[in-house]
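The values are calculated or read from the model by the stated rules, or taken from the named source; none is laboratory data. Quick caveat, the model's predicted, so the values are computed rather than measured. A quick note on method: Cβ atoms are made from the backbone with ideal geometry, for glycine too, and the neighbour counts reach across all protein chains shown. To get the accessible areas, we keep the full protein, side chains included, count just its heavy atoms, and leave off ligands, DNA and RNA. Shrake-Rupley method; radii C 1.70, N 1.55, O 1.52, S 1.80 Å.
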Amino acid sequence: MDELLAIGEFSARSGLSAKVLRSYAAAGLLVPAAVDPWTGYRYYAPGQLPEAGLILLLRQAGVPLSEIAAFLRDPGPGQLRHWERALDREVASHRRALAEARGQLGLLATAKGNPAGQDGGKPMTTMAPGSATDRGEARATYQDAVLVSPPLFAVADGMGAPPGGEIASRLALDTLNVRFAAPYGAETLAEAAREASRAVWERADAEPALEGMGTTLTAVAVLGGAEQSQLAVVNVGDSRAYLFREGQLSQLTHDHSVVQELIDSGQLAPEQWRTHPERSLLTRALGVAPVVDLDLSRPAVAGSARLLLCTDGLTAQADEAEIAGVLSAFADPDQAAVELVRLANRNGGDDNTAVVVVDISPQQAS
Ligand code: MG
């Protein structure tokens, strides 16, 4: 038995206490190489040290003993990826709860008349949001997503074979929401969007069934301001953000699409894009490459205004005059959003539609 290690020495070399080693043996893990029948002393082989190290790491990762035992009988990288995804889901759910708590804190500060809940005590822009989504009359799947998490608002239009598109748009917005944290600013928003893209890319890379999935992203953060509202706008793809003031719609984003490039180069008249056969071909998307190329702008808005974020399910079905008509007719942001989705469906409903409407108004310094 001179090559074997007594439990005390094995414990010292493996970093696992004798008590832990005994409990592992009871679970069928790291069973001693020999037990002295007279004294009951346990002995381990030096060759068991690597397995002890692996078990210690898996325990540190929070994996239950029963799962480790099954894993060691049939080890492989697939199970590690499975545990990794479970961890991602758990962390994401904790982060979502924290993000919601942050939103609640903002509401609490507003309710108490204390605008210091945001951006170092700058006067806050008041925000009244509404949103609506619909699968569309002619679609079997739903791949759009919305995010309403003041001061952050976003829409995403997923792409890829089911369930890829649906997962991509939801994962992008969940990641964006979690990563957009104080200090709020345009660069924070851009970095959160890059994180969202990485999350989609890595997930698609890890799961063969999700290969090629991606999404558009249009996100607006309302950053407050005394006389005017400072906005940060991030865009990738052909979802859009508009500003609506005094009956006029102005587009805050520039589409990344084949038809937009044809329009920009003078080869297509702007009014012809809706019927072009390559209308839905994008030149940029989120999550389809390790690094995303996104547009970031910082418009300032004086006075009260209405923000519209929407996927192409709305803009491909309705022209700007129709959209402006609905935004003028319905004062309540939720109702306006619902009516815009109805408009898209009345005009054919060829696609999923996601709409966010936000009324913003800078708080006057008192
Ligand atoms: Mg679409």
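Tell me, what % of the accessible area of the chain is carbon and sulfur with a 1.4 angstrom probe?
On the way: 9380 of 17770 Å².
Exposed carbon and sulfur together represent 53 percent of the surface.
Applied to segment 244-253, the Karplus parametrisation 6.51 cos²θ - 1.76 cosθ + 1.60 on θ = phi - 60° returns per-residue 3J(HN,Hα) values of 10, 9, 6, x, 10, 9, 10, 7, 8, 10 Hz, with x for Gly and Pro. For segment 298-310, the Karplus equation 6.51 cos²θ - 1.76 cosθ + 1.60, evaluated at θ = phi - 60°, returns couplings of 10, x, 10, 10, 7, x, 7, 7, 10, 9, 10, 10, 7 Hz by residue, with Gly and Pro reported as x. Between segment 14-51 and segment 200-235, the alpha-carbon centres lie 51 Å apart.
Convex hull volume per residue, computed on the Cα atoms of the chain, equals 173 Å³.
Per residue, how large is the accessible surface of the chain? Use a 1.4 angstrom probe and give square angstrom.
On the way: 17770 Å² over 366 residues.
For the chain, the solvent-accessible area averages 49 Å² per residue.
Between the helical axis of 164-179 and the dominant principal axis of the chain, each derived from Cα atoms, what acute angle in degrees is found, rounded to the nearest 10? On a 0 to 90 degree scale, this one is about 90. When both segment 157-195 and segment 296-328 are represented by their alpha-carbon centers, they are found 21 Å apart. The Leu57 and Ala140 beta-carbon pair, evaluated with R₀ = 30 Å, returns a calculated FRET efficiency of approximately 0.10. With the simple model of a label 7 Å out from the Cα in the direction of the Cβ, Glu187 to Ala209 spans 4.1 nm.
Per-residue surface analysis assigns Thr141 an accessible area of about 60 Å², computed on protein heavy atoms at 1.4 Å probe radius. Across Val259, Val288, the residue with the most accessible area heads the list, and the full order at a 1.4 Å probe is Val288, Val259.
Considering only Pro46, Pro277, Pro290, the Gaussian network model of the chain with Cα springs below 10 Å gives its largest mean-square fluctuation to Pro46. Our coupling estimate for segment 57-73, obtained by passing each phi through the Karplus curve with A = 6.51, B = -1.76, C = 1.60 and θ = phi - 60°, is 5, 5, 5, 5, 7, x, 7, x, 3, 4, 6, 5, 4, 5, 5, 5, 6 Hz, Gly and Pro reported as x. Distance between the modelled labels on Ser93 and Asp334, one decimal in nanometres: 2.7 nm (7 Å Cα→Cβ projection). If you average the C-alpha positions of segment 127-155 and of segment 337-361 separately, how far apart do those two centres end up, in angstrom? Result: 9 Å between the Cα centres. If ligands, DNA and RNA are left out, what is the accessible area of Leu49 with a 1.4 Å probe, given in Å² to the nearest 10? Solvent-accessible area, nearest 10 Å²: 40 Å².
Relative to the longest principal Cα axis of the chain, at what angle does helix 186-206 sit, 0 to 90 degrees, rounded to 10? It works out to around 50 degrees.
What number, in percent, do you get for the relative contact order of the chain if the mean sequence gap of Cα pairs under 8 Å and at least 6 apart is divided by its residue count?
Details: 727 pairs, mean separation 68.1, N = 366.
The normalised contact order for the chain reaches 19 percent.
Between Glu227 and Gln251, the modelled labels are 3.1 nm apart [label points 7 Å from Cα along Cα→Cβ].
How much of the calculated P(r) for segment 280-342 lies past 18 Å, in percent of all Cα pairs? It works out to 54 percent of all Cα pairs. Calculated FRET efficiency, Thr275 to Asp295, Cβ-Cβ distance, R0 = 30 Å: about 0.70 to the nearest 0.05.
Would you mind finding the longest exposed-site-free stretch of the chain, with exposed GluC sites (Glu not before Pro) meaning DSSP loop and at most 15 other Cβ atoms within 10 Å? Kindly include the intermediate steps, with their values, before the conclusion.
Values: sites that count: Glu3, Glu137, Glu211, Glu227, Glu246, Glu278.
Counting at most 15 other Cβ atoms within 10 Å as exposed, the longest clean stretch of the chain is 4-136.
In segment 294-366, Cα pairs under 8 Å separated by at least six residues give a relative contact order of 50 percent.
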